[in-house]
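The values are calculated or read from the model by the stated rules, or taken from the named source; none is laboratory data. Keep in mind that this is a model prediction, so the values were computed, not measured. Reconstructed Cβ throughout: ideal geometry from the backbone, glycine too, with neighbour counts over all protein chains shown. Heads up: the accessible areas ignore ligands, DNA and RNA and are worked out on the full protein's heavy atoms, side chains in. Shrake-Rupley method; radii C 1.70, N 1.55, O 1.52, S 1.80 Å.
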Amino acid sequence: MTRFGIGQPVTRFEDGRLLRGRGRYHEDVGLPGQAHMVVVRSVHAHAAIRGIDTAGAMAMPGVLAVFTGTDLGDELGTMKMTLKRVRPDGSPMFAPPHRGLARGRVKYVGDPIALVVAETRAQAEDAAERVRIDYEPLPAVTATAAAASPGAPAVWDECPDNVSNVYEAGDRAATEAALAGAHRVVRRRYVITRVHAQYLEPRGALGAWDPLEERYTLHADVQYPHRVRSALATNILRVPEHRIRVVAGDVGGGFGTKGWQYPEHRLVLWAARKLGRPVKWVCERREAIPADEHARDNVTEAELALDADDRFVALRVRTLANVGAYVSSDRNLLATFSNVATLVGVYAIPAAHVRVTSVLSHTNPTAPYRGAGRPEATYVIERLIDDAARELGLDAVELRRRNLIPTATLPFRTALGVTYDCGDFAGGMEKALKLADVAGFPARREAARARGRLRGLAVVNAIERAAGPQPEFAEIRFAPSGTASVFMGTKNQGQGHETTFKQILHERLGLDPAAVRFVDGDTDQVAFGMGSMGSRSTVIGGTALWTAADKIVAKGRRIAAKMLEAADADVVFADGRFRVVGTDRAVGIADVARAAFQPAQLPPGVEPGLYETGTFVPPSDTWPNGCHVCEVEVDPETGAVSVARYTVVDDVGTVINPLTLKGQIHGGIAQGLGQALMEEVVYAADSGQLLTGSFMDYAMPRADDLCDIVVESNPVPTALNPLGAKGAGEAGTVGALAVVVNAVVDALAPLGVRELDMPASAARVWEAIQRTR
């Protein structure tokens, strides 16, 4: 049992297949007779479309059709909002959905205008260059702060102030009173940049229409196939769900960005039905940033109030969140509100109030990306604490110690209305300080100074809201031969789900992982699922699997009792075998499964077969947390930043697989570090033109930008699910943004640098140094 069970560092079962090139990614999927689609996108951030000439494209070799928004007409619906939000004046939220192809006016660089379908991709690309669009360029606004300024160009005429909606949390009156009576108030402005997920595999979609069954099939690299099917059926195609099948094979990274409904999903299905043959679209790497949803992009004004004993008494946060040109579904707003609760961090702050204003701009819509508001919240509170310590002449670690939520007070209800059920925040921080040898930092700083370098250190406590209370599904299905298959409603995107779920199954049923078939991503094979996002898969999907396994054991015990000629109560199950208590008589689960399909071997009233489902809804969110410690060195002559040491002590509850956990944390840190030091989607201020459309301009971290990352666990299992798991997929990113930037500011502090916004690129750091000189 211990070889593959919970807590074992099992190498990933799927890696053997993937490393040998035997994966089935979107590019590997093809259907007989498929045509190829290319999307013609806007080259302007804002422009009126005065005309579209498709004649030249239609005359190109191999071209089957060229479609525009006029051709779509009203055949396709749009996504719908379910959130109830209002504008500052109390009027309903302004949330304009995307209609698939732009009509009349384009709203951002990359806005889809037309689609070209041809026999080959090359022919479609050549023809797309012949589509002539008569633009009338219009004023555009892309910067978050500028979008909300008086007189800014309106993204939509119906919303002249560009304010989509506001969201508030906390007690405004109590917070204002505490701020007014505070001993000291520290105020800062923080900018969190716009980024793109940059997954290894750009998006794609392959649509087919079966006229005999009157049924659509969509092959796409999506994170939640069942929700995509529901969105297409309910909102877009307006057909019963059983008339749509969604299939997602191997997914080369998702990170939240491969979401519910992109225009290309509906367009390939619509075109496939129109043309009577499958239609495939593959996003080129150069197309990804203009085509995809972006993330983050906030400007925050934050105030932290302290009393005379340096204890936090209030936090007030005002954030502008840039949601882009379209708000097609709840998904486009999730990061603006779902994790503001963690702005108070792991600190006992008695009063807090947050106001988030979502503003429209001539940019791509924003949506969840690894962390989905968690890294942004941690960034604000943890930068504010460091700045407060520096302004007040206090030690930043000691200031944190003084204000941490004591373990004895958990469960703890915060000032922003959520309850942290369990944790050991102080213990985790002390373990991280020791593991990172923070006590030895002064010596390392002096050694760096002798080499002409500036060395900085930061300690950050992170907490996140994970695995929200939505259902998840799992099924265990034994065949008459005694072999087993597991069907999961979650969707693997590289996290190692096959390994994790087989470990849980082995722990509960004793099954050899190599003998179990793993299935996900196909709405025809898996009955239901919410998919994978928000660090929920192990917590909720794993518990659903555990629940299904419990049902297998319960039914198997009755069958085993008949086989062993014993009473049900005398039969116990462990290590894959049913055994009669006090005897050596036993039977394996595979033998019981075979017997389950033989009516003569069944006790009265037991239905033949051995297949059970589990659906689990957690009672509330879980709260993974941890402490990050980072040291950086800065070359004052060039501004170049190098990460010298990085340590994490994380509490993700029960650790299913320490090996895959470390991989998740390493990956999350890399993405957070990338944003902190170099990544940013940049637009020209005057024209709104995208300036970082490829890897020539959009910097990405490489192996030599990172150091060895030390990861240890300080697990406090939650009682909210039988596994005790809290979620781990986003933990690395949540703390990385704040700890890296804080470390850079700490390195620059001796020179008098007090303010620095991400990304802390060499040029930006050098400029900050020059300003102080």
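Using DSSP to call loops (not H, G, I, E or B), can you name the GluC sites (Glu not before Pro) in segment 698-764 whose Cβ has at most 13 other Cβ atoms within 10 angstrom? Those satisfying the criteria are GLU755.
Estimate the FRET efficiency between ASP210 and ALA719 by the formula 1/(1 + (r/R0)^6), using the beta-carbon distance for r and 60 Å for R0, to the nearest 0.05.
Working: r = 48 Å, r/R0 = 0.80.
That pair, ASP210 with ALA719, gives E of 0.80.
Expressed in nm to one decimal, what extension gain is obtained for the pair ASP570 and THR70 from 0.36 nm per residue of sequence separation less their Cα-Cα distance? Show your work: numbers first, answer last.
Details: separation 500, 0.36 × 500 = 180.00 nm, distance 7.17 nm.
Extra length from ASP570 to THR70 when fully extended: 172.8 nm.
Note on GLU241 and PHE597: their simple-model spin labels are 2.9 nm apart, each label 7 Å out from Cα toward Cβ. Less than 5 angstrom separates the built amide H of ALA65 from those of VAL117, all sequence-distant by 5 or more or on a different chain.
Here the extension length gained between ARG311 and ARG103 equals 69.3 nm, from 0.36 nm per residue of separation less the Cα-Cα distance.
Think of segment 135-267 as a dipole: +1 on every Lys or Arg Cβ, -1 on every Asp or Glu Cβ, centred on the Cα centre; then among ALA173, VAL186, THR144, VAL186 lies furthest on the positive end. Here's how it looks for ILE709: its modeled amide H is under 5 Å from none belonging to a residue 5 or more places away or on a different chain.
Quick check: residue separation of ALA554 and PHE695 times 0.36 nm, minus the Cα distance between them. What number comes out in nm? Each step should come with its number before you reach the end.
Details: separation 141, 0.36 × 141 = 50.76 nm, distance 5.50 nm.
Roughly 45.3 nm would be gained on extension.
Per residue, the solvent-accessible area of the chain (1.4 Å probe, heavy atoms of protein chains only, all protein chains present) comes to 37 Å². Here r is the Cβ-Cβ distance between GLU27 and GLU607 and R0 is 51 Å; the resulting FRET efficiency, rounded to 0.05, is 0.70.
Suppose R0 equals 45 Å. What FRET efficiency, 1/(1 + (r/R0)^6) with r the Cβ-Cβ distance, do ALA177 and ARG20 give to the nearest 0.05?
The calculated FRET efficiency here is 0.10.
Here are some pairs, LYS502/LYS562; LYS80/LYS107; LYS84/LYS491; LYS662/LYS726; LYS258/LYS491; LYS80/LYS726; which of them have Cα atoms lying more than 21 Å apart in this structure? Intermediate results must be reported in sequence, preceding the final value.
Values: LYS502/LYS562 29 Å; LYS80/LYS107 19 Å; LYS84/LYS491 29 Å; LYS662/LYS726 15 Å; LYS258/LYS491 11 Å; LYS80/LYS726 31 Å.
Exceeds cut-off: LYS502/LYS562; LYS84/LYS491; LYS80/LYS726.
Our helix-only sum for the chain, with -39,500 (n - 2.57) per DSSP H run of n ≥ 4 divided by its residues, gives a mean residue ellipticity at 222 nm of -8000 deg cm²/dmol.
Qualifying trypsin sites (Lys or Arg not before Pro) in segment 445-483, where qualification requires a DSSP coil assignment and no more than 11 other C-beta atoms within 10 Å, comprise ARG451. Phi-derived couplings, Karplus 6.51 cos²θ - 1.76 cosθ + 1.60 at θ = phi - 60°, listed residue by residue for segment 232-238: 5, 5, 7, 9, 9, 8, 6 Hz, with x used for Gly and Pro.
About its Cα centre, the dipole of the chain is roughly 580 debye, where the only charges are +1 on Lys and Arg Cβ and -1 on Asp and Glu Cβ.
Using a 1.4 angstrom probe on heavy atoms only, work out the carbon and sulfur share of the accessible area of segment 659-773 in %. The computed percentage sits at 53. Sequentially through segment 107-113, phi angles give Karplus couplings (6.51, -1.76, 1.60; θ = phi - 60°) of 10, 6, 5, x, 4, x, 10 Hz, Gly and Pro residues having no value and appearing as x.
In this structure the amide hydrogen of ALA644, modeled in the peptide plane, comes within under 5 Å of the amide hydrogens of GLU631, VAL632, GLU633, none closer than 5 places in sequence on its chain.
Over segment 399-558, what percent of the accessible surface lies on carbon and sulfur atoms, probe 1.4 Å? Display every interim value, and only then the final one.
Numbers: 2920 of 5400 Å².
Carbon and sulfur: 54 percent of the exposed surface of segment 399-558.
Here segment 317-372 has 66 percent of its accessible surface on carbon and sulfur atoms, given a 1.4 Å probe and all protein chains in place. Sparsely packed loop sites in segment 197-287 (the trypsin sites (Lys or Arg not before Pro) outside DSSP H, G, I, E and B with at most 13 other Cβ atoms within 10 Å) comprise ARG238. Give the longest segment of the chain that steers clear of chymotrypsin sites (Phe, Trp or Tyr not before Pro) in DSSP loops with at most 16 neighbouring Cβ atoms within 10 Å, not counting the sites themselves. For chymotrypsin sites (Phe, Trp or Tyr not before Pro) (loop position, at most 16 other Cβ atoms within 10 Å), the longest site-free span of the chain is 157-527. Model label points for ASP53 and ARG402, set 7 angstrom from Cα along the Cα-to-Cβ axis, are 7.2 nm apart.
3J(HN,Hα) along segment 372-378: 6, x, 5, x, 5, 5, 4 Hz, from the Karplus curve 6.51 cos²θ - 1.76 cosθ + 1.60 with θ = phi - 60°, whole Hz, x for Gly and Pro.
Extending 7 Å from the Cα toward the beta-carbon at both ARG189 and ALA145 defines two label points whose distance is 0.3 nm. Considering only ALA436, PHE487, VAL592, the residue lying farthest towards the positive end of the dipole of the chain is VAL592, judged by Cα position with unit charges set on Cβ.
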